[in-house]
Amino acid sequence: MRVGLYARVSTHDQHTLALQREAIQAYATTRGWPIVRLVEDIGSGVREQPQRDALLHAARRRERDVIVVWRLDRWGRSLADLAGTLAELSALGVGFVSLTEAIDLTTPTGRALAGLLAVFAEFERELIRERIKAGSAHARKAGRPHGRPRTVAKHAAHMQRLAAQGLSKAAIARRVGIGRTSVRRLLG
């Protein structure tokens, strides 16, 4: 078993990094698993986690057999992200172990738990979708604008002047700071 260890702390919680590192190294050593790589990220879970992404990439290339973390919240950005990455690792045949929650996806019981997590993640997505629809319907009924603001409408006259000057659609998009598709949609 080629093991990748992952530890993450937020910037305000850096005192647990050594604790995480020691715990996951001890677990892998106790199981007799050779540690291929220990990676650490520092920062909030909602921001980019380059080391975690590198570990996932290594798992996709079949360079890791198991990933060990201290706690689930150290791995996942959200319940949906956690369920998605666990499902991907399971499909790849890569085990996942979270020490604090005693979750071991290298066992049949652990894989069943991962399935339950996926169900709850789908439930969370549905609740969010329903709240968004309800909020949009309420705003529409009250006559307030809802949804993403239209940037094209604000820049339509400027884009038409630039097109009349002979600029390409890509150049107009760069100059105005919006997507080329929006420019194409407006100018035809």
How would you rank 126-133, 163-170, highest first, on the average number of other Cβ atoms within 10 Å across their residues? 163-170, 126-133
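Convex hull volume of the Cα atoms in segment 3-121, per residue, in Å³? Numbers along the way, then the final one.
Numbers: hull volume 10.8 nm³, N = 119.
About 90 Å³ per residue, rounded to a whole number.
What is the extension gain from T151 to T109, computed as 0.36 nm multiplied by their sequence separation minus the C-alpha to C-alpha distance, in nm to one decimal? Could you put the intermediate results ahead of the total?
Values: separation 42, 0.36 × 42 = 15.12 nm, distance 5.01 nm.
Extra length available between T151 and T109 comes to 10.1 nm.
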Mind checking the dipole of segment 85-183: about its Cα centre, +1 per Lys or Arg Cβ, -1 per Asp or Glu Cβ, Debye to the nearest 20? 1280 debye
Packing-wise, with mean Cβ within 10 Å as the measure, how do 182-188, 86-92, 135-141 rank, highest first? 86-92, 182-188, 135-141
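Based on the Cα coordinates of segment 84-188, what is the per residue volume of their convex hull in Å³? Show your work: numbers first, answer last.
On the way: hull volume 19.3 nm³, N = 105.
Once divided by residue count, the hull of segment 84-188 is 184 Å³.
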Label F123 and E22 with points 7 Å out from Cα along Cα→Cβ: what is the distance between them in nm? 3.7 nm
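Nothing charged except the Cβ atoms of Lys and Arg (+1) and of Asp and Glu (-1): what's the magnitude of the dipole of the chain about its Cα centre? Round to the nearest 20 debye.
Numbers: 32 positive and 17 negative charges, 339 e Å.
So the dipole magnitude of the chain works out to roughly 1620 debye.
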For segment 69-145, whose charge dipole is built from +1 on Lys and Arg Cβ atoms and -1 on Asp and Glu Cβ atoms, the candidate among G93, A114, A137 with its Cα farthest towards the positive end is A137
Full extension between D81 and K133 adds, at 0.36 nm per residue less the Cα distance, a length in nm of 16.5 nm
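FYI, it's all coordinate maths here, none of it is from the lab. Note that this is a predicted model, so its numbers are computed, not measured. As a convention, Cβ positions derive from the backbone with ideal geometry for all residues, glycine included, and neighbour counts pool all protein chains shown.
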